[in-house]
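Beneath this line is the structure, given in structure tokens, with notes to follow.
The values are calculated or read from the model by the stated rules, or taken from the named source; none is laboratory data. Here the structure is a predicted model, which means the values were calculated and not measured. Cβ: placed from backbone, ideal geometry, glycine included. Neighbour counts: every protein chain shown.
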Amino acid sequence: MPATCDVVVLLSGTGSNLQAMIDSFKGVDNPVRIRAVISNRADAFGLQRARDAGIEARVLDHKAFEGREAFDAALIELIDTFQPKLVVLAGFMRILSATFVRHYQGRLLNIHPSLLPLYKGLHTHQRVLEAGDSEHGCSVHFVTEELDGGPLVVQAVIPVELNDSPASLAHRVHAQEHEIYPLAIRWFAEGRLSLGEQGALLDGQLLPASGHLIRI
């Protein structure tokens, strides 16, 4: 049984992925401990989810700082008081500075609602429909200085149905996010997942460029 892996979760919104983590990481044999949830928005519902689960919830308002670098420096200081082995972005609507990303290199994960490298950025479900794609999904990746561009860990692939709307796609993609994000975090906590010079490693083996694929 590996040592407990302390995790800090950053979010800006409702925290549905946080809830999936809370639900997944219950039990005595669980290697993950969520030490704190931090939001840049005091009204983020994810903070209430944390409090309801007995997890420390903190707010660091980006508007109180002059610029991205100042906010990120304060955020690093706050995160590091919890001494996490892993920092997880769960709908954290901030573009992080290079200094922040480098500080947590190899221990910073993000989830994105598309099959990266397709559709970086926002409005992914609408863009998939406009492109006429037959597949859509979500991706967990290590964070690098390139926006939504770090090495892929795991992707869940779903078919696009004829009658899909952005809302219906979002609903089905979210369901897969709630499966693959806890899975990737557990891999990291168990010492199975790491970031190597060539990309993401699972059980010491270099993952393909697409990461570990799960087709639904």
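Data table
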| item | result |
| --- | --- |
| Filter result (of a type in the set (Phe, Trp, Tyr) and touching a Lys or Arg at 6+ places or on another chain (Cβ under 7 Å)) within segment 62-95 | 82 |
| Subset of segment 25-52 that is outside any strand (DSSP E or B) and in contact with an Asp or Glu (Cβ under 9 Å, 6 or more places away or on another chain) - its residue that is surrounded by the fewest Cβ atoms within 10 Å (Cβ to Cβ) | 42 |
| Filter pass, residue 137 being among the small types (Gly, Ala, Ser) and touching a residue at least 24 places away in the same chain (Cβ under 8 Å) | yes |
| Identity of the residue in segment 191-203, touching a strand residue (DSSP E or B) at 6+ places or on another chain (Cβ under 8 Å) and outside any strand (DSSP E or B), that ends up farthest from residue 20 (Cα to Cα) | 198 |
| Selection status of residue 154, in contact with a helix residue (DSSP H, G or I) (Cβ under 8 Å, 6 or more places away or on another chain), assigned by TED's automatic domain parsing to the domain that holds residue 208 and closer than 15 Å to residue 185 by Cβ | yes |
| Entirely in segment 74-142, the strands (runs of 3 or more DSSP E) that have 2 or more residues that are farther than 22 Å from residue 18 by Cβ | 135-142 |
| Any chance residue 72 is within 21 Å of residue 194 (Cβ to Cβ) and acidic (Asp, Glu) | no |
| Selection count, segment 143-169, where residues are in a helix (DSSP H, G or I) and either surrounded by fewer than 16 Cβ atoms within 10 Å (Cβ to Cβ) or acidic (Asp, Glu) (or both) | 3 |
| Identity of the residue in segment 140-164, without any contact (Cβ under 8 Å) to a residue 40 or more places away in the chain and not charged (D, E, K, R), that ends up nearest to residue 200 (Cα to Cα) | 149 |
| Residue in segment 183-192 that is of a type in the set (Asp, Glu), surrounded by fewer than 17 Cβ atoms within 10 Å (Cβ to Cβ), farther than 29 Å from residue 45 by Cβ and at pLDDT below 95 present | no |
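Conditions tested, residue by residue: (1) farther than 19 Å from residue 85 by Cα; (2) in contact with a strand residue (DSSP E or B) (Cβ under 9 Å, 6 or more places away or on another chain).
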{"site": "7", "(1), (2)": "no, yes"}
{"site": "13", "(1), (2)": "yes, yes"}
{"site": "18", "(1), (2)": "no, yes"}
{"site": "28", "(1), (2)": "yes, no"}
{"site": "47", "(1), (2)": "yes, yes"}
{"site": "52", "(1), (2)": "yes, no"}
